[in-house]
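The values are calculated or read from the model by the stated rules, or taken from the named source; none is laboratory data. Bear in mind the structure is a predicted one, so any value in this text is a computation, not a measurement. With ideal geometry, Cβ positions are generated from the backbone for all residues, glycine too; neighbour counts draw on all protein chains shown.
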């Protein structure tokens, strides 16, 4: 199994909040693509030592590594178009159910 995390910024680079409709569309797309996801927390951090950035983290657990990787890469490209940021951080790690 693999756990994938999407760290989605909630503010544009100029500090304005990203519209809630865009965040809702991401949630809908994750549900449609992966059947489930978790949104365990939001956090705020300093970017470039000055500006505060609020981030929502979405987690997805999947059993099909190759398909998930392809779908996440495609999703990342769509997110970069919708959320004009330097980049969208996505991480992936192998997990084992106990």
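Could you check, for the stretch 24-31, whether at least one of its residues is surrounded by 13 or more Cβ atoms within 10 Å (Cβ to Cβ), touching a strand residue (DSSP E or B) at 6+ places or on another chain (Cβ under 7 Å), at pLDDT 80 or above and within 19 Å of residue 74 (Cβ to Cβ)?
Step one: of the stretch 24-31, the residues surrounded by 13 or more Cβ atoms within 10 Å (Cβ to Cβ) are 25-27, 29-30.
Then drop every residue that is not touching a strand residue (DSSP E or B) at 6+ places or on another chain (Cβ under 7 Å), which leaves 26, 30.
If we keep only those that are at pLDDT 80 or above too, we end up with 26, 30.
The next check asks that each one be within 19 Å of residue 74 (Cβ to Cβ); those that pass are 26, 30.
There is at least one residue in the stretch 24-31 that is surrounded by 13 or more Cβ atoms within 10 Å (Cβ to Cβ), touching a strand residue (DSSP E or B) at 6+ places or on another chain (Cβ under 7 Å), at pLDDT 80 or above and within 19 Å of residue 74 (Cβ to Cβ).
Using the structure shown, decide if residue 46 is exposed (fewer than 10 other Cβ atoms within 10 Å of the Cβ), closer than 16 Å to residue 10 by Cβ and either within 15 Å of the chain's Cα centre (by Cα) or at pLDDT below 85 (or both). Before the answer, list the steps.
Values: exposed (fewer than 10 other Cβ atoms within 10 Å of the Cβ): yes; closer than 16 Å to residue 10 by Cβ: yes; either within 15 Å of the chain's Cα centre (by Cα) or at pLDDT below 85 (or both): yes.
Judged against the criteria, residue 46 is a match.
Please count how many residues of the stretch 66-98 are assigned to a loop (DSSP other than H, G, I, E, B), without any contact (Cβ under 8 Å) to a residue 40 or more places away in the chain and more than 15 Å from residue 1 (Cβ to Cβ). First the steps, then the outcome.
Keep residues of the stretch 66-98 that are assigned to a loop (DSSP other than H, G, I, E, B), which gives 83-88, 95-98.
Retained after the next criterion (residues that are without any contact (Cβ under 8 Å) to a residue 40 or more places away in the chain): 87, 98.
Remaining after also requiring more than 15 Å from residue 1 (Cβ to Cβ): 87.
Result for the stretch 66-98: 1.
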